[in-house]
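The values are calculated or read from the model by the stated rules, or taken from the named source; none is laboratory data. Since this is a predicted model, take the numbers as computed values, not measurements. Cβ atoms come from the backbone with ideal geometry, glycine included; neighbour counts cover every protein chain shown. Note: accessible area is taken over every heavy atom of the protein model, side chains too, but ligands, DNA and RNA are not part of it. Shrake-Rupley method; radii C 1.70, N 1.55, O 1.52, S 1.80 Å.
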Amino acid sequence: MSVTAVVGAQWGDEGKGRIVDWLAQKADMVIRFQGGDNAGHTVVNEFGKFALHIVPSGIFNPATVNIISAGTVVNPDGMLKELAHVEAAGVNTDNLYVSSAAHLVMPYHLLLDELQEQARSGKHKIGTTKRGIGPTYADKAARWGLRVGDLLHPEHFEKRLANVLPKKNLEIERLGGEPMEMDELLALARTWREAMGHRIIDVLPMIREAVLAEKDVLLEGQLGVMRDLDWGTYPYVTSSNPIAGGAGVGAGIPPTRITDVIGVVKAYCTAVGAGPFPVELKDEWGQRLRDEGNEYGATTGRPRACGWFDGVAIRHAAWLNGFTGLAITKLDVLDTFEEIKVCTGYKLDGEIIDYVPDTPAYEKCEPIYETWPGWQTSTRDTRSWDDLPKNARTFLHRLSELAGVRIQMVSVGAAREELVVL
Ligand code: GDP
Ligand code: IMO
Ligand code: MG
């Protein structure tokens, strides 16, 4: 029995979807606990290749209950499209439920994300995924939000919308956008109710029952610690808490019931969006990582900034999440490299530091590297630790040492079975 949070240990896109898909082969329940369809979780398995945005990565196991829980924000249009896509590949999605307490990403949130980002000048742009995430969570915190469960109460929904829409339209017009029509939004809500009403439930009894019955439960995180609203590089962050502490809150599970926290981490680093990213390589090494790792966003297609493994950021992540194990992904991307660097500290105003400082100082940090020899042989077919090249094992040991966390899995390819489990 375990309740395992699987969370991003860097700037997102670490391979969480791929790890959850593998673990879900034996899981009774998978719960997405925060974020929305800003996620792009790539899964490659016997059904094909998918970029999941809001649907949990346990969807491919028909015996697994999949829940989009209270901490998330849901754009029903996106979710329904995604479900149609996986169903077309032969996947049964009957076991997918959406928490009535999750918040609705409304069309005005999408428009406001776009308009607000346009209105930010230069350095103040965040580079959001434009999925309405910030405006939806802002409404949730300000208590203007509409919840997924409100769809099941048409009169209540209409009253809430009538109250909030004029305020939203004021802001839209102030930012130069077209105001939205009440009737159109109500019609949209009706189509959502018809298409997904049967999936909307109070998920808590189901989750409580699973935990009390000692089932295997996975809590799937979105993004990574460096974009955590509280502990990331504010304001260049998302609007929820991807760290493990957010898992209990978002899923409705007490912190004392979470037994394992797996930190998913690439063997190097990538980031999309604005904000400090000290290890970014703007030279041919960065381009080589991007080419070998195919580092383009699963949601927006944007090229990801690439750099060497950041040993300072991983310590930050390890403390905040309390990792019980690491899943190191994309080792194979380094297979051809003659040498590989690892950042072990930052230089800030002439001094060496080993922590993540606040954002204005972080922008001035320069990485300090150590260099390790590559292994220059393919690891793609390796399935056991002892069969990994010696230099690869030494490198992985170093990453584990910097994090202060044992390695639980090493991923050597995007497909489900391309994994070394320790
Ligand atoms: P997530 O958002 O954390 O689920 O990660 P993404 O799916 O956005 O990005 C990870 C990318 O790396 C996807 O294209 C995966 O298919 C791919 N990937 C995951 N693990 C491996 C691996 O071990 N090796 C290689 N070559 N690709 C991987
Ligand atoms: P997964 O789950 C990588 C980044 C955006 C931007 C910031 C805020 O696939 O790892 P938002 O749209 O959330 O308001 O954008 O966060 N971002 C991601 N980067 N992977 C993601 O998800 C991301 N989701 C958001 O680029 O910098
Ligand atoms: Mg992703």
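Among the numbered conditions (1) touching a Gly at 6+ places or on another chain (Cβ under 7 Å); (2) open to solvent by 30 Å² or more (accessible area, probe 1.4 Å), tell me where Leu23 comes up short.
(1)
Please determine whether any residue of the stretch 47-55 is open to solvent by less than 10 Å² (accessible area, probe 1.4 Å), outside the structural domain of Arg131 (by TED's automatic domain parsing) and in a loop (DSSP other than H, G, I, E, B).
Yes, the conditions are met somewhere in the stretch 47-55.
Would you confirm, using the coordinates I've provided, whether Val7 is within 16 Å of ligand 1 (Cβ to nearest atom), open to solvent by 10 Å² or more (accessible area, probe 1.4 Å) and either assigned to a helix (DSSP H, G or I) or in contact with a helix residue (DSSP H, G or I) (Cβ under 8 Å, 6 or more places away or on another chain) (or both)?
It is false that Val7 is within 16 Å of ligand 1 (Cβ to nearest atom), open to solvent by 10 Å² or more (accessible area, probe 1.4 Å) and either assigned to a helix (DSSP H, G or I) or in contact with a helix residue (DSSP H, G or I) (Cβ under 8 Å, 6 or more places away or on another chain) (or both).
Consider only pairs whose beta carbons are under 6 Å apart and that are at least six residues apart or on different chains; among these, list those whose first residue lies in the stretch 219-240 and is closer than 27 Å to Asn66 by Cβ and whose second residue is basic (Lys, Arg).
Partner pairs satisfying both residue conditions: Glu220/Arg32; Val237/Arg227; Thr238/Arg227.
A quick yes/no check of all residues on (1) closer than 26 Å to Pro235 by Cβ; (2) among the acidic types (Asp, Glu); (3) open to solvent by 10 Å² or more (accessible area, probe 1.4 Å):
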site: Leu334; (1), (2), (3): no, no, no
site: Cys343; (1), (2), (3): yes, no, no
site: Ile353; (1), (2), (3): yes, no, yes
site: Pro357; (1), (2), (3): yes, no, yes
site: Tyr369; (1), (2), (3): no, no, yes
site: Thr379; (1), (2), (3): no, no, no
site: Gly413; (1), (2), (3): no, no, no
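Identify, please: which residue in the stretch 26-46 is among the β-branched types (Val, Ile, Thr) and open to solvent by 10 Å² or more (accessible area, probe 1.4 Å) and is, among those, nearest to Val203 (Cα to Cα)?
Restricting to residues being among the β-branched types (Val, Ile, Thr) and open to solvent by 10 Å² or more (accessible area, probe 1.4 Å), the top hit is Thr42.
So Lys347 fits all but one of (1) open to solvent by less than 40 Å² (accessible area, probe 1.4 Å); (2) assigned to a strand (DSSP E or B); what number is the exception?
So the condition that Lys347 fails would be (1).
Does Pro254 satisfy being in contact with a strand residue (DSSP E or B) (Cβ under 6 Å, 6 or more places away or on another chain) and away from ligand 3 (no atom under 16 Å from the Cβ)?
It is false that Pro254 is in contact with a strand residue (DSSP E or B) (Cβ under 6 Å, 6 or more places away or on another chain) and away from ligand 3 (no atom under 16 Å from the Cβ).
For the stretch 18-48, how many residues are within 15 Å of ligand 2 (Cβ to nearest atom), of a type outside the set (Val, Ile, Thr) and farther than 22 Å from Gly252 by Cβ?
So the count comes out to 3.
Given the residues Val74, Val86, Val91, which is the only one that is buried (at least 24 other Cβ atoms within 10 Å of the Cβ), among the aliphatic types (A, V, I, L, M) and more than 19 Å from Val265 (Cβ to Cβ)?
Checking each option against the conditions leaves just Val74.
State whether one or more residues within the stretch 405-413 are assigned to a loop (DSSP other than H, G, I, E, B) and farther than 29 Å from Lys49 by Cα.
Taking every residue of the stretch 405-413 in turn, at least one turns out to be assigned to a loop (DSSP other than H, G, I, E, B) and farther than 29 Å from Lys49 by Cα.
Could you list, in sequence order, all residues of the stretch 16-45 that are out of contact with any His (no Cβ under 7 Å at 6 or more places or on another chain), part of a loop (DSSP other than H, G, I, E, B) and within 15 Å of ligand 1 (Cβ to nearest atom)?
Of everything in the stretch 16-45, those that are out of contact with any His (no Cβ under 7 Å at 6 or more places or on another chain), part of a loop (DSSP other than H, G, I, E, B) and within 15 Å of ligand 1 (Cβ to nearest atom) turn out to be Phe33, Gln34, Gly36, Asn38.
Which condition does Lys282 not pass, out of (1) part of a loop (DSSP other than H, G, I, E, B); (2) closer than 29 Å to Val3 by Cβ, if it passes all the others?
All conditions are met except number (2).
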